[in-house]
1. Just give me the residues in the stretch 134-155 being away from the ligand (no atom under 11 Å from the Cβ) and touching a residue at least 40 places away in the same chain (Cβ under 8 Å), in sequence order.
2. With surrounded by 16 or more Cβ atoms within 10 Å (Cβ to Cβ), assigned to a helix (DSSP H, G or I) and touching a residue at least 12 places away in the same chain (Cβ under 8 Å) as the only criterion, which of 401, 343 stands out?
3. Please find, within the stretch 10-23, the residue that is surrounded by the most Cβ atoms within 10 Å (Cβ to Cβ) out of those that are within 14 Å of residue 133 (Cα to Cα) and in contact with a strand residue (DSSP E or B) (Cβ under 8 Å, 6 or more places away or on another chain).
4. Look at the stretch 214-254 and say how many of its residues are in a helix (DSSP H, G or I) and surrounded by 22 or more Cβ atoms within 10 Å (Cβ to Cβ).
5. Say whether the condition of being within 16 Å of the ligand (Cβ to nearest atom), within 30 Å of residue 298 (Cβ to Cβ), in contact with a helix residue (DSSP H, G or I) (Cβ under 7 Å, 6 or more places away or on another chain) and not assigned by TED's automatic domain parsing to the domain that holds residue 268 is met by at least one residue in the stretch 363-370.
6. Restrict the check to the stretch 58-70 and report whether at least one residue is surrounded by 21 or more Cβ atoms within 10 Å (Cβ to Cβ), away from the ligand (no atom under 15 Å from the Cβ), over 17 Å from the mean Cα position of the chain (by Cα) and in a helix (DSSP H, G or I).
Ligand SMILES: Cc1cc2nc3c(=O)[nH]c(=O)nc-3n(C[C@H](O)[C@H](O)[C@H](O)COP(=O)(O)OP(=O)(O)OC[C@H]3O[C@@H](n4cnc5c(N)ncnc54)[C@H](O)[C@@H]3O)c2cc1C
């Protein structure tokens, strides 16, 4: 089958859907096709926020940029053109509602707690907008060089003067975003910044924490030294069979994923207690053991394993002795292990389980005010496939919606300019 459109959107995730709906909102004439590899739309969206859809964050939009790990400046135009307030308003306009979790990092979730509701509404809006949706249609080839671009999948060939790619990253490939088109785009002259897993657990070389798998610690400080600046993240961690996980660790993984192997990360397990206070605490009752004096401050099994490991390293038994009998230098060594415990990265989680893909189409080849390619006129990009990524908290979905909106607006502008 061969058909001509005014716009072909490749990818039925939040970025592609938002772009298609934005074009329709401001232009009722354009013939639009949305081509989706999966049998349903928004397969990754369905999994977000643990199925509750943490679609944005309630912080002021200026603070979003601090949550962007790569290429924050590229996102100025799109995030300011379509903000978190705009997205929340649109959600309400579409008959959905949201709830703000102030004490959960200001995350904004769908009130119903069901991403399925969101996907149903998006699908209804696309149908109402008269957009042709091609399900189960993985784009396998395209030609972007002519004014009329062509997109090929199964036995279809669609042509259009404008094509938007919103194919997502490479993570969770079972949701449809396998990143295979990156290679083709590379062949057409696009620089692909090597895709890397973001927001993943970290495997560590140290083994003493292994028996703690499943234990969480709240409000710790995780940091690493970077060539340019120190990266510090407060939050919860969880010990895993291979190392470390939990929100603070997932965030840290996004900062070290360019060169993770053997990177050193440090944890202050008690950032709200100064070293002097902690010293007083471990010596609070000289007749008692360190284990007793630390009780209630850290989990018992954590204290036990830490003291065993420190005793092994020092060649001195810290477990059985009264704290008054322990030399100051050995207490100092223990305090270092609580306030600046060093962990060496063995590896980071795989792309299969990454919440987000870092890397993608180079931002240098995309105009940030329109999302239009700097190589091919009439070609646009949106969402996670661009070399931008952010921390957890609803920022990645906001980026997908904002860049989709920005591209949609620019496509309308171009169509208007050409019709004059
Ligand atoms: C488990 C999990 C939880 C997450 N939770 C959150 C969260 O709570 N908050 C948040 O902000 N972010 C979250 N994210 C990240 C967020 O889901 C993504 O950043 C977002 O979905 C990106 O949107 P997108 O439209 O760019 O790409 P995608 O959602 O990946 O959509 C791309 C679409 O393109 C299609 N496609 C790919 N290749 C082709 C092709 N060749 N032909 C046709 N179609 C193609 C795919 O099938 C897919 O439907 C989570 C991610 C995961 C994996």
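The values are calculated or read from the model by the stated rules, or taken from the named source; none is laboratory data. Only a predicted model underlies this, so the values are computations on that prediction, with no experimental measurement involved. FYI the Cβ positions are ideal-geometry reconstructions off the backbone, even for glycines, and counts take in every protein chain you see.
1. The initial filter retains those residues of the stretch 134-155 that are away from the ligand (no atom under 11 Å from the Cβ), namely 143-150, 155.
Within the stretch 134-155, 144, 145, 147, 148, 149, 155 meet the criteria.
2. Working: 343 fails: assigned to a helix (DSSP H, G or I).
Exactly one residue qualifies, and that residue is 401.
3. My answer is 19.
4. 7
5. No, the stretch 363-370 has no match at all.
6. For the stretch 58-70, residues surrounded by 21 or more Cβ atoms within 10 Å (Cβ to Cβ), away from the ligand (no atom under 15 Å from the Cβ), over 17 Å from the mean Cα position of the chain (by Cα) and in a helix (DSSP H, G or I): absent.
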